[in-house]
Structure formats: C-alpha cells, structure tokens
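Only one structure is covered here, and it is reproduced in the block below.
The values are calculated or read from the model by the stated rules, or taken from the named source; none is laboratory data. Note that the structure is predicted; figures quoted are calculated from it, not measured. With ideal geometry, Cβ positions are generated from the backbone for all residues, glycine too; neighbour counts draw on all protein chains shown. For the accessible areas, the whole protein counts, side chains as well, though only heavy atoms, and no ligand, DNA or RNA atoms are used. Shrake-Rupley method; radii C 1.70, N 1.55, O 1.52, S 1.80 Å.
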Amino acid sequence: MSTLPAQPSKPTARVLPPNLTQAAIVVGGFTALLYVLEVLDSVLPADLDQFGIVPREASGLDGILWSPLLHSGWGHLFANTLPLVVLAFLAMANGLAQWVAVTATIWAVSGLGVWLTADSGTVTVGASGLCFGWLLYLLVRGLFTRSFLHIALAVVLLGYWGTMLFGVLPGNPGISWQGHLFGALGGILAAWLVSMGNRSVAKSG
C-alpha cells in the first residue's frame, strides 16, 4: 500500500451557513447593535447621525466606518432590518471568515463611492449599502461557481427583492442611490474575489 498527501478540498456550493447557530448569533448581534445605536441616538442630546459620510471632506472619511451602523430614524432602520437579517445570514454560506471579508469589501466600496460622488452638504447613513452588496453578491455568485443551488437561490432572491435594484438609480430625494450603487458594485467585486480565491484552491489541488 502507498499513501498520498492529502489534497485541499474544493469549496462546497452551500446556500446556508455551515454553523447555523454561529451565523444567527453574528447576524442577530449586528442587528441588535444597530437598534442599540438608534436608541442612543433617540435619547442622547448628541446627534449620532452627524458621524455619517460627509462627501469629499477629510473629516467625513471617518463616516465610512460609522455610516452603516447609523440610521436617520426608526422607519429607516425598520425598512433595512428584514433584508439585512436574511441577506447577511445567506451571505455567510462559506463561513464567518469569508463573510467578514465580503462584508468589509462591500462596506469599503460603498463608503468610498458615497464619499466621492454624493451631493455636497449631505450626510449619508444607513445599512442599505450593505444590503445591496450582499444581494448582488448572492445574485452573481452563481455565475462564477456555476452551482445550480446558487443560481436557484439567486432566482428566488431576484423574484422577492428584484425591485430593490431600482434603488441604484437616482430620483428619490433623501435616499442615497450612490450608497446602493456602490454597495452593489462592492458585492459584485466580492463575488469575483471569492471566485478567484476558490479557483486558486482548486488549482493547488
């Protein structure tokens, strides 16, 4: 008998997180943080929303970090909650580490896009850029993986949240289409980067 060195396993095409409890805790904890911050914004004299993204001002760059954690009112937060919970959970299909990398990519691309292109004199807050990024990540992932499960999930998500994609177009006053657009682009970029990493693993095997 002879032995051969173990080969790296090919990434599995999953649609649900490998550790459901961990994913629920992470997504639930992140969502709870948004609600805690909105409570603080409601009861404290300080206006937390001022820490959002201020376009093309050096002082507004910090807002890239804080903007997705803040909302312009309870209605804004309520509107983001369901897509945030569902899409963040599904985007964790390949584990927490990859989800963090995907989310960081969307967070940075969306924030920088807003900082560069939003109207002067505005402050942008809200997690909808992340929601658009996770949605597009899930929608285009199947094109790279060629997985039937991924494509089937994309079809379901497109059927339920497809109209949300119109949010990348300008036209609604007070809504940051720039955050939506660049969040979506960040999701596509993240899906491409993940596919490149998976191909590298497959080739090394």
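A few remarks follow.
- Failed criterion for G126 (all others in (1) at pLDDT 95 or above; (2) among the small types (G, A, S); (3) assigned to a helix (DSSP H, G or I) hold): (3)
- Just one of the listed residues (L70, L87) is touching a Gly at 6+ places or on another chain (Cβ under 7 Å) and among the aliphatic types (A, V, I, L, M), and it is L70.
- Only one entry of V43, V100 meets the criterion of being within 20 Å of L189 (Cβ to Cβ) and not aromatic (F, W, Y), and that entry is V100.
- Taking the criterion of being open to solvent by less than 50 Å² (accessible area, probe 1.4 Å) and part of a helix (DSSP H, G or I), the residues of segment 51-75 that qualify are G60, G63, I64, S67, P68, L69.
- Residue within segment 57-67 that is of a type outside the set (F, W, Y), under 27 Å from G162 (Cβ atoms) and out of contact with any Lys or Arg (no Cβ under 6 Å at 6 or more places or on another chain) present: yes
Here's the yes/no breakdown for (1) without any contact (Cβ under 8 Å) to a residue 60 or more places away in the chain; (2) touching a Leu at 6+ places or on another chain (Cβ under 8 Å); (3) surrounded by fewer than 15 Cβ atoms within 10 Å (Cβ to Cβ); (4) in a helix (DSSP H, G or I):
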{"position": "D119", "(1), (2), (3), (4)": "no, no, yes, no"}
{"position": "V140", "(1), (2), (3), (4)": "yes, no, no, yes"}
{"position": "M164", "(1), (2), (3), (4)": "no, yes, no, yes"}
{"position": "A184", "(1), (2), (3), (4)": "yes, yes, no, yes"}
{"position": "I188", "(1), (2), (3), (4)": "yes, yes, no, yes"}
{"position": "V194", "(1), (2), (3), (4)": "no, no, no, yes"}
{"position": "G197", "(1), (2), (3), (4)": "yes, no, yes, yes"}
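- Pick from segment 121-138, criterion within 26 Å of F78 (Cβ to Cβ) and more than 15 Å from the chain's Cα centre (by Cα), ranking: most open to solvent (accessible area, probe 1.4 Å): V123
- Segment 92-102: number of residues that are part of a helix (DSSP H, G or I) and in contact (Cβ under 8 Å) with a residue 60 or more places away in the chain: 5
- Taking every residue in segment 33-61 that is at negative phi and pairing it with any residue that is hydroxyl-bearing (S, T, Y) and open to solvent by 70 Å² or more (accessible area, probe 1.4 Å), at least 6 positions away or on another chain, the pairs with Cβ-Cβ distances below 7 Å are D49/S72; P55/S120.
- Yes/no for T105 being touching a residue at least 24 places away in the same chain (Cβ under 8 Å) and either surrounded by 17 or more Cβ atoms within 10 Å (Cβ to Cβ) or not hydroxyl-bearing (S, T, Y) (or both): yes
- Scanning segment 126-174 for residues being more than 21 Å from R14 (Cα to Cα) and either among the aromatic types (F, W, Y) or in contact with a strand residue (DSSP E or B) (Cβ under 7 Å, 6 or more places away or on another chain) (or both) gives a total of 1.
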